[in-house]
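Data first, discussion second: the structure below is written as structure tokens.
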Amino acid sequence: MTTNTASPSPALSGRASVQVQSLSKTFEARGRRVDVFQDLSFDVPDRSFVGVVGPSGCGKSTLLLCLAGLTTPSSGAIIAGGTPVTTPDPQRIGVVFQDPNLLPWLTVEDNVAFPLELKGLGKKERREQAAQFIQLVGLTDFSHAYPHELSGGMRQRVSIARGLVQDPRILLMDEPFAALDEQTRMKMGAEVLRIWEQTHKTVIFVTHNLTEAVFLCDEVVVLSSRPATILERLTIDLPRPRTYDVMATERFGRLRDHIWRMIRDLGTDQER
Amino acid sequence: MGTKIKWALLVAALLALWELIPTVGWINRIIVAPPSAILAALVQDPGAVLMHTNITVLEAAAAIGIAWVIGLTAGVVLGSSVRAFRFLGPLLESAYALPWVVLYPLAVLWLGFGSTSKITFAAATAIFPIVLSTAAAVSMVEDRTLLLGRALGATRMQMYTKVLIPFALPQIVSGLRVGAGLAVIGVLVGEMLLSVGGLGFMISYYRSTFDSGHVYLAMLLGIALAALVNGAIARAERRIGWWNQASR
């Protein structure tokens, strides 16, 4: 495979937006030391779309929690936009979880505006700002609906709008479509690409779905099983803007297959 | 015939029967006071009835207010600590079941015959269900919700006011309703046992003078007060709890 020598996409040549510097995470569980990941280092270029894949249980989500400032790494550092990440800062880094996690007593509008409410903005102002992002995710007609009235895909759109509402430079997504059915998942993937192209965010996208990873990303960071290290940083040199058609190309298949082989072999190693 | 008219006729018939039974002498009018005697008791000295009602309403309101504030705060604090709740929860459940009314004479001894002893006693009995239901509701808020709050930038205080309490609110309010009911009962019981005023005092005083009209009047007012408090909170409960029903 010669993917690493292929010319990088324009996005990858930009300066780093997020720098992960020899990051390690260890925790104690019932008196036993668990190394989640060890000495991870990689840069995420500004405005790029970078995926993190790896076998299940490899610590992808813990890595994302570190990136979001929600858990402290055992050693190493994360620099985002030039300053270290130590606490959650939704103005700098937005987060979208696997579970949309909407507040059931708030309308779509108020859920999206919730981070602004926490910041102390007035009702009128926050609704105006929220409206912009509700439109971006295509839910303007549902502004006054409550979460239980929405489908799974729509709820996740609300969650994306909420992650974006403070206009952060960086958006972290932790398996955001894992709970959705395949059809919705495909549609949401295209949706996220459109939003990314419109908003020019830096996106770090954790997934275990390789098709999704190759379809969306400029670069895929492949992690090993626990304790996770970086196996490869694979540049996805497929042309943009991408449509579903790209999935039928030979190049797409080869990239996806390449990642699959790496992760598959890990599985057998572990079982032995 | 409209339903309303049917109901009015039914009530009128029952009232007539009620009036008839003691008047004819089937049952002694000391045991069952006829409606006319109750009305007479009200008309005889409406100022006194109003005064006693006022005392009970104020005592109940104070007891409810104190029980809500202390119970809610203690419940939120207790519910946010898994360990404390696991330890103190069962203890409180047992304490809730104790016959606290036997301690009421002590409250009078310490705080006097006036309103303070009633308010203290009623508030103390009302706090239990409030603390327990608030703590249970808060402890059930899931970790993912707390993580979300942090990720969206909630401060420690906002975690309580904007996430935890709203999430737990339907269950909290039902605890508040039960607590308010107990507070009203506590005030009435206290007044009946040892006091110098209030609807409970009216009941026990006029009972000793065999004035059933006044006893019945005070009983009806006490029941009406309890129903009013319960009804108002139940209404609020339905409005707050809708999403809880809908999202499950």
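For A:Phe49, the residues 5 or more places off, or on other chains, whose built amide H falls under 5 Å of its own are A:Val203, A:Asp218, A:Glu219.
Shown is the FRET efficiency for B:Asn54 and A:Thr86, computed with R0 = 45 Å from the Cβ-Cβ distance and rounded to the nearest 0.05: 0.15. Placing +1 on the Cβ of every Lys and Arg and -1 on the Cβ of every Asp and Glu, with nothing else charged, gives the protein assembly as shown a dipole about its Cα centre of roughly 240 debye.
Annotation: extensible slack from A:His200 through A:Ala179 equals 5.0 nm (criterion: 0.36 nm per residue apart, minus Cα-Cα distance). With both labels modelled 7 Å from their Cα along Cα-to-Cβ, the A:Ala131 to B:Trp7 distance reads 4.4 nm. Angle of helix B:115-139 to the longest C-alpha principal axis of chain B, folded into 0 to 90 degrees and rounded to 10: 40°.
Quick one: work out Rg over Rh on the C-alpha atoms of the stretch A:197-272, Rh as Kirkwood radius. Numbers along the way, then the final one.
On the way: Rg = 13.6 Å, Rh = 13.5 Å.
Ratio of gyration radius to Kirkwood radius: 1.00.
Here the spin labels are modelled as points 7 Å beyond Cα on the Cα-Cβ line, and at A:Arg240 and B:Met140 they lie 4.6 nm apart. Karplus-derived 3J(HN,Hα) values for the stretch B:84-97, using 6.51 cos²θ - 1.76 cosθ + 1.60 with θ = phi - 60°, are 4, 5, 5, 7, 7, x, x, 4, 5, 4, 5, 4, 4, 7 Hz; glycine and proline are entered as x. Candidates A:Thr184, A:Gln38, A:Val137 compared by Cα position along the dipole of chain A: farthest toward the positive end lies A:Gln38, with charges placed on Cβ. Between B:Trp68, B:Trp18, B:Trp26, the residue with the greatest mean-square fluctuation in the GNM of chain B (Cα pairs under 10 Å linked by springs) is B:Trp26. Mind pulling the angle between the C-alpha long axis of helix A:250-271 and the longest principal axis of chain A? Nearest 10 degrees, somewhere in 0 to 90. Helix A:250-271 sits at roughly 70 degrees to that axis.
For chain A, what mean projected area does the convex hull of the alpha carbons give, in nm²? Can you show the working numbers first?
On the way: hull surface 61.9 nm².
Taking a quarter of the hull surface, the average projection is 15.5 nm².
Cross-link partners for A:Lys119 among the lysines, with Cα-Cα distance under 27 Å and sequence neighbours closer than 8 places in the same chain left out: A:Lys201, B:Lys162. Please work out, to two decimal places, the log10 of the ratio I(q)/I(0) at q = 0.10, 0.13 Å⁻¹ from a Debye calculation in which every Cα of the protein assembly as shown carries one identical scatterer. After summing over all Cα pairs, the log10 values are -0.87, -1.21. For A:Val95, the residues whose modelled amide H falls within less than 5 Å of its own, excluding neighbours fewer than 5 places apart on the same chain, are A:Leu172.
Note on chain B: GNM, Cα springs under 10 Å; of B:Val101, B:Val43, B:Val215, the largest mean-square fluctuation is that of B:Val43. Highest GNM mean-square fluctuation among A:Ser61, A:Ser74, A:Ser224, for chain A modelled with Cα contacts below 10 Å: A:Ser74.
Quick note: the coordinates plus some simple rules give every number you see, no bench work behind them. Nothing here was measured: the structure is a model prediction, and the numbers come from that model. Cβ: placed from backbone, ideal geometry, glycine included. Neighbour counts: every protein chain shown.
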